[in-house]
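For reference, the structure is listed below as structure tokens.
The values are calculated or read from the model by the stated rules, or taken from the named source; none is laboratory data. Nothing here was measured: the structure is a model prediction, and the numbers come from that model. Don't worry about glycine lacking a Cβ; one is built from the backbone with ideal geometry, like all the others, and counts go over all protein chains shown.
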Amino acid sequence: MVEEYKKPLPEMDEELQSFWDACKTHELRVQQCHTCGTCYYPSSICSNCDDPKMEWVKVSGKGKLHTYTIFHQLYHPAFKDDIPYNAAIIELDEGPLLLSNVVQCKNEDLKLGMPLEVTFEDVTEDVTLPKFKPV
Amino acid sequence: MSLHDKYSIVGLGVTPQGKVPGVSANGFRVQAIDMAIKDAGLRRQDVDGYIWQSDYVEGGGGRVPWQVGISPRFIWSFQTGGATAVSAMAAAMGAIEAGLANYVAVVFGDNAASKRRLVGAIGESARSTTAAFGMFGPAAEHALAATRHMQLYGTTSRQLGAIAVAARENANKRPNAMMHGKPMTIEDHQNSRMVVEPLRLFDCCLVTDGGIAYVITTSERANALKRAPIYVSGIGTGHNVNEAYTKSQFTRLDVTSSKERAFQMAGIELKDVDVAELYDCFTITVLLQLEGYGFCNEGEGGPFVEAGSIGLDSKIPVNTGGGNLSWAYGQGFTPLAEAIRQLRGEGGATQVKNAEIALVSGHGGTGSGNMHFSHATAILRRG
């Protein structure tokens, strides 16, 4: 019997449905402009091209740690047992910056530039969150 | 077509600040506007434009004109966090320029201290993409920038502490500052609890009840009033979306765009600035602005503040009243109010001698967990 997941769920705007659907199948996808090849997340229109052709593409899931913070203050009761936990910005190899958590890593071992790869957490029947672990 | 010195601030209203229970946010707005109008030597009927900073939780600031007895031709809510005070100033100037009004009141009011609000917390069953990853609040967002600054440039927590201590030193010389009578050393800063690493409690701004308002009009009208005008010599805005295009939003604050416009309009250089009132939601925010404005080189903010370069008698006096860190959290209205006081010679024990030109900054808005904050710059000149 799975315990009820009490942490906040993502908003899942219509524009990002493809991202979250892909997460459910344990795939990381971002939008890419097929005119110039630049990748973007969250979805947007290519800022380089006058005639961008945006499509969702699968990415490698690899990236590096751009920055992070460690929460010592509790902001939401569901995170009580996680304190102190990290929130991190991961720079995907393909370019976009993504907000997530670094897991399977002690907070003291976090270091800017460290290589990471995506790992998926099925938190509810409908929602899978992309997290990142050290390579 | 330049608006250099064409507009002036003629009235300032600052209510009691701190832990002031029994007054609603609107109550503070009403008090602040009333004080600002009296300070200007105007009658309430003169004020025909109104802009209020809308707040995160409570609405209803649009009711304030009725409550205070003014008759504006527009009632605008404006929200760009700590950048509101200066950004709304630009909007007011534009409105007057367009002939919509003669005297515009701009106001901030909040009772966050009495409401015991934890800024950044959300309702327990609310959905949020950032909160799904445990990301809450502006402190954490700025902590992301602080971590990066520390690992890229070797900035230390003690150096951030130097900013907090400098603010506290000023506040300790100003009797109406919230933290007056509460000295702080670097060791005190280091002993304060970690909130969102690397930011400690003393890296974070206060939570306050209070209201601040100002009245702005043309300099021509200002010259007919009893007090010397505070000229708006230059004004500018920027936004950190511009840093995001190069993935630098956690490294810089897009001060450049804002500074360029404001300084160009004012016709000044950095060395002409006598006093800098820099928006200080967190110590790291001040540090990034010291670099962004060019008071020191990028990456060198840590050693700059450690050397005492922002003290009263130093290179550039910063946040001379104690700021949002130690005077009171009037958001962007805090540095603005202090700049006006300095130019009026009302800085008390922290008055900067012959202060003629003040730099006022604002920073804030919806960061979206991505440091996508607004920036605003005003150059004020003593009349």
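Worth pointing out:
- Residues in segment B:161-203 that are among the aliphatic types (A, V, I, L, M) and within 14 Å of chain A (Cβ to nearest Cβ): B:M194, B:V195, B:V196, B:L199, B:L201.
- Of all residues in segment A:73-97 being assigned to a strand (DSSP E or B) and either surrounded by fewer than 21 Cβ atoms within 10 Å (Cβ to Cβ) or facing another protein chain (nearest Cβ under 7 Å) (or both), the one that is farthest from the chain's Cα centre (by Cα): A:Y85
- Restricting segment B:146-160 to residues that are of a type outside the set (D, E, K, R) and surrounded by fewer than 24 Cβ atoms within 10 Å (Cβ to Cβ), the residue that is nearest to the other protein chains (Cβ to nearest Cβ) is B:Q151.
- Residue match in segment B:332-345 (condition: out of contact with any Lys or Arg (no Cβ under 7 Å at 6 or more places or on another chain), under 19 Å from B:A139 (Cα atoms) and not in a helix (DSSP H, G or I)): yes
- Of B:A121, B:A145, B:A131, B:A95, all but one fail to be of a type in the set (G, A, S) and in contact with a strand residue (DSSP E or B) (Cβ under 6 Å, 6 or more places away or on another chain); the exception is B:A95.
- Members of segment B:125-143 that are within 7 Å of another protein chain (Cβ to nearest Cβ) and surrounded by fewer than 17 Cβ atoms within 10 Å (Cβ to Cβ): B:A126, B:R127
- Within segment A:42-63, one or more residues are without any contact (Cβ under 8 Å) to a residue 40 or more places away in the chain and at the interface with chain B (Cβ under 8 Å from one of its Cβ atoms).
- Count of segment B:232-282 residues which are among the β-branched types (V, I, T) and surrounded by 19 or more Cβ atoms within 10 Å (Cβ to Cβ): 7
- Filter pass, B:A222 being surrounded by 16 or more Cβ atoms within 10 Å (Cβ to Cβ) and under 28 Å from B:P21 (Cα atoms): no
- Residues of segment B:237-284 that are β-branched (V, I, T) and either assigned to a helix (DSSP H, G or I) or within 14 Å of another protein chain (Cβ to nearest Cβ) (or both): B:V241, B:T246, B:T251, B:V255, B:T256, B:T283, B:I284.
- Odd one out for B:T366, checked against (1) among the β-branched types (V, I, T); (2) more than 25 Å from B:L3 (Cα to Cα); (3) modelled with pLDDT of 95 or more: (3)
- Against the numbered list (1) within 30 Å of B:H142 (Cα to Cα); (2) assigned to a loop (DSSP other than H, G, I, E, B), B:S71 comes up short only at (1).
- If only residues of segment A:98-113 that are part of a strand (DSSP E or B) and of a type in the set (A, V, I, L, M, F, W, C) are counted, the one that is farthest from B:T130 (Cα to Cα) is A:V102.
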